[in-house]
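The values are calculated or read from the model by the stated rules, or taken from the named source; none is laboratory data. None of these values were measured; they are calculated from a predicted model. Positions of Cβ are backbone-derived with ideal geometry, glycine not excepted, and every protein chain shown enters the neighbour counts. Calculation scope for accessible area: heavy atoms of the full protein, side chains included, ligands and nucleic acids excluded. Shrake-Rupley method; radii C 1.70, N 1.55, O 1.52, S 1.80 Å.
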Amino acid sequence: MTTYCKNHPQIETSLRCNRCDEPMCTKCSVHTPTGYRCKDCINTQKKIFDTAEWYDYVIGLVTATVLSLIASNIINAISLFAGFFMWFVAIAIAGGAATLIGKITHRFLRGRRSKNLFIISTSGIVLGALPVILTFLFTGSFYPLIWQGIYLFVAVPAVFYSLSGFRIK
Ligand SMILES: [Zn+2]
Ligand SMILES: [Zn+2]
């Protein structure tokens, strides 16, 4: 028996969605980590994943900003006496801080999620580092900005991925 795509009745296909089992053509299929799915199933899945309330955006942003402000200041304080080792120290602290900020923010959000929530929470990392960065910009001392740069470079993607559920090792 030949099956036809549920959206394109003129296209023959042997591919089926692994969730709803409807036949679908290659154009209608989406490759997911668990196999091929139709676009309808992907869309319903997305809705389930989008559970954020308006206050979650505030919680996410404030939590990440405050914690990032602390991390940014710690890195700045240590850079005053770490000397050459600051290259390693900055990366290590940035990584540790990002993991911690990701975990704490994730806990405060109680598992509620949406793509915009992750983006807004992550932008708190940049906001939190701004006071230190702006201070150095205005006083014209650019060397300490390197450590803030490293911090953002490491922490921004790490926090985003830890919130959105991807893991980077
Ligand atoms: Zn389906
Ligand atoms: Zn189709």
Would you tally the residues in the stretch 92-110 being in contact (Cβ under 8 Å) with a residue 40 or more places away in the chain and either in contact with an Asp or Glu (Cβ under 6 Å, 6 or more places away or on another chain) or farther than 12 Å from Ala158 by Cα (or both)? 6
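Does the stretch 4-14 contain any residue that is away from ligand 2 (no atom under 16 Å from the Cβ) and either assigned to a loop (DSSP other than H, G, I, E, B) or not acidic (Asp, Glu) (or both)?
No, the stretch 4-14 contains no residue that is away from ligand 2 (no atom under 16 Å from the Cβ) and either assigned to a loop (DSSP other than H, G, I, E, B) or not acidic (Asp, Glu) (or both).
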So which of Ile48, Ile74, Ile78, Ile59 is open to solvent by 50 Å² or more (accessible area, probe 1.4 Å), assigned to a helix (DSSP H, G or I) and more than 22 Å from Phe118 (Cα to Cα)? Ile74
Looking at (1) surrounded by fewer than 19 Cβ atoms within 10 Å (Cβ to Cβ); (2) under 11 Å from Ser68 (Cβ atoms), find the lone condition where Ala155 falls short. (1)
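Taking the conditions exactly as written (within 13 Å of ligand 1 (Cβ to nearest atom) and open to solvent by 70 Å² or more (accessible area, probe 1.4 Å)), does Glu53 satisfy them or not?
No: the conditions fail for Glu53.
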Selection from the stretch 118-152 of residues open to solvent by 20 Å² or more (accessible area, probe 1.4 Å) and hydroxyl-bearing (Ser, Thr, Tyr) yields Ser123, Thr135, Thr139, Ser141, Tyr143
Output yes when any residue across the stretch 28-45 is more than 10 Å from ligand 1 (Cβ to nearest atom) and either part of a helix (DSSP H, G or I) or among the hydrophobic types (A, V, I, L, M, F, W, C) (or both), and no when none is. no
What pairs come out if I take residues in the stretch 10-29 that are among the polar types (S, T, N, Q) and pair them with residues that are open to solvent by less than 80 Å² (accessible area, probe 1.4 Å) whose C-beta lies under 6 Å away, six or more apart or interchain? Thr13/Cys5; Thr13/Pro23; Thr13/Cys25; Asn18/Gly35; Ser29/Leu15
